[in-house]
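J.: Have a look at this one.
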Amino acid sequence: MRALGAIARTCDRPDCRELRAMSPTDDRELVAQRILAGAFALMALLVALDLLFDVRAGTTALHVVLEGSVIAIGFSAAASLALRVRRLARDARELRAHATHLAASLLASQQEADRWRTDAQRWRTETSHLIDGLSAAIDQQFTRWDLSPAEREVALLLLKGLSHREIATVRDVNETTVRQQARGVYKKAGLSGRNDLAAFFLEDLLGPRDRRPVA
């Protein structure tokens with residue numbers, strides 16, 4: 001159960017929040033509940049034996065009623081606690097099963113994330129010279145178009161796929177200003193819009209490779 005709490009505290013997934021909302025049952029609580037139920041049952045049994053001997057020896061009706069009430073209360077409390085222990089034990093098993101499943105899921109997710117990070121790092125390493133070359137080529141073309149520093153930044157963000165509103169947020173300027181600067185980029189480059197700007201740099205780069213004819 002301690003492992004369950006640790007998992008729930010370190011995870012923000014919906015099922016983790018559900019686990020935090022539930023009250024994990026500690027094994028010691030189950031043991032205490034079992035002991036208490038046994039104590040009530042033992043007490044009721046001892047009082048029942050005492051009452052049996054008293055009846056045989058002769059006793060008053062009031063004494064029989066009082067001890068009978070104690071017996072009934074004792075057995076009722078023991079039965080109630082036994083039912084509670086059973087319910088708590090079932091909840092504990094379900095929580096343990098949920099925790100085991102969640103731990104396996106988190107481990108798989110962590111392994112998948114590590115794999116993606118490794119792949120991304122390998123891709124960046126293998127293509128770093130290509131990316132540097134493309135960046136240099138884009139910068140040279142911006143120079144040929146005589147773009148201003150602001151227009152260069154807007155053009156680069158447009159190539160990255162940002163919207164005018166997102167660019168305005170990134171650059172902390174008005175969206176109208178971004179639209180004007182984007183139009184300035186298209187005018188100087190002789191392009192009709194964002195799609196032409198992206199195609200200018202990426203069409204050849206993303207085109208299909210030459211394939212040998214199938215014999």
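The values are calculated or read from the model by the stated rules, or taken from the named source; none is laboratory data. Keep in mind it's a predicted model, so treat the numbers as computed, not measured. Don't worry about glycine lacking a Cβ; one is built from the backbone with ideal geometry, like all the others, and counts go over all protein chains shown.
J.: Anything in region 80-97 that is closer than 14 Å to Arg34 by Cα, of a type in the set (A, V, I, L, M) and touching a residue at least 12 places away in the same chain (Cβ under 8 Å)? List them, or say none.
T.: Answer for region 80-97, where residues must be closer than 14 Å to Arg34 by Cα, of a type in the set (A, V, I, L, M) and touching a residue at least 12 places away in the same chain (Cβ under 8 Å): Leu81, Ala82, Val85, Leu88, Ala89.
J.: Further question on the same structure: For Ala104, which of the numbered conditions (1) in the same structural domain as Ala48 (by TED's automatic domain parsing); (2) surrounded by 13 or more Cβ atoms within 10 Å (Cβ to Cβ) fails to hold?
T.: Tallying (1) in the same structural domain as Ala48 (by TED's automatic domain parsing); (2) surrounded by 13 or more Cβ atoms within 10 Å (Cβ to Cβ), Ala104 fails exactly one: (2).
J.: Pairs please, first residue from region 125-144 and surrounded by 12 or more Cβ atoms within 10 Å (Cβ to Cβ), second anywhere and hydrophobic (A, V, I, L, M, F, W, C) and in a helix (DSSP H, G or I), Cβ atoms under 7 Å, 6+ apart in sequence or on different chains.
T.: The qualifying pairs are Ile138/Phe201; Phe142/Ala155.
J.: Another question about this same structure. Consider Leu88 carefully, then state whether it is under 24 Å from Val31 (Cα atoms), of a type outside the set (Lys, Arg) and in a helix (DSSP H, G or I).
T.: Yes, satisfied.
J.: Being crowded, with 17+ Cβ neighbours inside 10 Å and free of Cβ contacts under 8 Å to residues at least 40 places away in the same chain is the filter here; which residues of region 192-205 pass it?
T.: Arg194
J.: Shifting gears a bit: Against the definition (assigned to a helix (DSSP H, G or I), hydrophobic (A, V, I, L, M, F, W, C), surrounded by 11 or more Cβ atoms within 10 Å (Cβ to Cβ) and assigned by TED's automatic domain parsing to the domain that holds Asn195), how does Val64 come out, yes or no?
T.: Answer is no for this residue.
J.: Restricted to region 71-85, and to residues that are within 20 Å of Val31 (Cβ to Cβ) and loosely packed, with under 13 Cβ neighbours inside 10 Å, which residue is farthest from the chain's Cα centre (by Cα)?
T.: Step by step, filter region 71-85, then rank; the result is Ser80.
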